[in-house]
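Below you'll find the structure, written out as structure tokens, and then a few comments.
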Amino acid sequence: MNQLWQRLLAPLADGLRYATLSSYTWEQPRLLLLLPLIPLLFVVRWLLVQRRRTRLGVAFVPGQVRRDWTAGLRFVPDIVLGLSLGFVLVALARPQRTDERVVQSGAGIDILLLLDVSGSMELQDLQPNRLEAAKRVARGFIDGRVGDRIGLVVFAGDAYSLAPLTTDYDLLRENIESLRLGMIANDGTAIGTALGVATNRLRESPSRTKVCILISDGENTAGSLDPVTAARLAHVYGLKIYTIGLGKDGYVPYGADAAGQPRYVETRLDETTMRELAQAGDGQFFRATDNEGLRRVFQRIDQYEKSEIKQTRFRNTKDYYRIYLLWAIGFWLLWLALKNTFLTNALED
């Protein structure tokens, strides 16, 4: 008896639970909209019977007719028939569950983002400033990668590895969001030191492709390691270097003065050195003077550096309409049986 319950009756009972019904996807969900019409069918039937039935006047003596609960039993066959029709609609709507399995093949690449957080990144030729624009586009770049390990190095007068190579993109986005001006006490632009930190991080990586994306708006003014020498050393370890120069040369907006008027400061990008770094690292140099230009630069790099990740999806769809079809048949048979009992009103049927 226990085995019968587990194999047959338990699935039937489980199919009536709200949690089970809400877990389905439906092949024909619009059929479920017909469920409220089932009670309406019985109302229409009752109205038609009332209009066509011949009435016979019968006089009763007041107080002799008593109401009894058994009078409500005449509605039982209609309720059973309504349930049968309801389960038919549920079965026709085809409740299903789909299991999807994704198998990845191939290998991703290792990417390090080197982001300048020096004081000059507060300049506002990119909106709202250079640092915030770079952060926004870097997050978008991460969103477009699949299967790649990405890390983050930040630098000003010193350089630090803020996030190791990882595929936890949520963690990376949180780290990028936490970047702020002045987070490194020693101000300046230590490009060579940042490339040295990146080389130490990537040199033992087993990945076939190792990429550095250096984002800066100035010239090397700090650190003891020459940037071009650091780029050549990085290339020896198989690192490809892309450099992105942020901002315009000349006078650019920087906050406001005491009178509330825009204040301007003079700035210059050492484009020559940035080009040499990219050439030494077998990469490319890009110049981004506004937000849209910076976004296009990252799109181009994203197209150049594609990982060989292939995804194969396996979908297994299982139907569960049989459970509700069995309920419909069971209530239908019960309705047929009730029609041959005292519960049926032969005058109406």
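The values are calculated or read from the model by the stated rules, or taken from the named source; none is laboratory data. Bear in mind that the values here come from a model prediction, so they are computed numbers and not experimental data. Every residue, glycine among them, receives a Cβ derived from its backbone with ideal geometry; neighbour counts consider all protein chains shown.
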Mind checking whether some residue in the stretch 165-184 is assigned by TED's automatic domain parsing to the domain that holds GLY247, more than 29 Å from the chain's Cα centre (by Cα) and either part of a helix (DSSP H, G or I) or charged (D, E, K, R) (or both)?
no
Looking only at the stretch 205-235, which residues are farther than 24 Å from VAL137 by Cβ and under 33 Å from the mean Cα position of the chain (by Cα)?
SER205, PRO206, ARG208
Does ARG149 satisfy the criteria of being more than 19 Å from SER205 (Cα to Cα), without any contact (Cβ under 8 Å) to a residue 60 or more places away in the chain and either in contact with a Pro (Cβ under 8 Å, 6 or more places away or on another chain) or of a type in the set (Lys, Arg) (or both)?
no
Consider ASP143 against the criteria (1) modelled with pLDDT under 90; (2) touching a strand residue (DSSP E or B) at 6+ places or on another chain (Cβ under 9 Å); (3) closer than 30 Å to GLU292 by Cβ: it satisfies all of them except one. Which criterion is unmet?
(2)
Would you mind telling me which numbered condition in (1) surrounded by 19 or more Cβ atoms within 10 Å (Cβ to Cβ); (2) out of contact with any helix residue (DSSP H, G or I) (no Cβ under 9 Å at 6 or more places or on another chain) GLY192 fails?
(2)
Kindly establish whether PHE42 is at pLDDT below 85, surrounded by 10 or more Cβ atoms within 10 Å (Cβ to Cβ) and touching an Asp or Glu at 6+ places or on another chain (Cβ under 7 Å).
yes
Is it true that some residue in the stretch 338-345 is modelled with pLDDT of 85 or more and aliphatic (A, V, I, L, M)?
no
Condition met for ALA230 (farther than 21 Å from ALA134 by Cα and assigned to a loop (DSSP other than H, G, I, E, B))
no
Could you pull out the residue among LEU31, LEU48 that is within 46 Å of the chain's Cα centre (by Cα), at pLDDT 65 or above and of a type in the set (A, V, I, L, M, F, W, C)?
LEU31
Could you identify the single residue in ASP257, ASP249 that is modelled with pLDDT under 80, assigned by TED's automatic domain parsing to the domain that holds VAL228 and charged (D, E, K, R)?
ASP257
Being in the same structural domain as ARG145 (by TED's automatic domain parsing), at pLDDT 90 or above, among the charged types (D, E, K, R) and in contact with a His (Cβ under 7 Å, 6 or more places away or on another chain) narrows it down to one of ASP282, ASP226, so name that one.
ASP282
All conditions in (1) surrounded by 22 or more Cβ atoms within 10 Å (Cβ to Cβ); (2) free of Cβ contacts under 8 Å to residues at least 60 places away in the same chain; (3) among the small types (Gly, Ala, Ser) are true of SER224 except (1)
Sort out which residues of the stretch 197-213 are of a type in the set (Val, Ile, Thr) and assigned to a loop (DSSP other than H, G, I, E, B), and write them in order of number.
THR209
Within the set of pairs 6 or more residues apart or between chains, which connect a residue that is surrounded by 15 or more Cβ atoms within 10 Å (Cβ to Cβ) inside the stretch 60-89 to a residue that is modelled with pLDDT under 80 and polar (S, T, N, Q) with Cβ atoms less than 7 Å apart?
PRO77/THR344
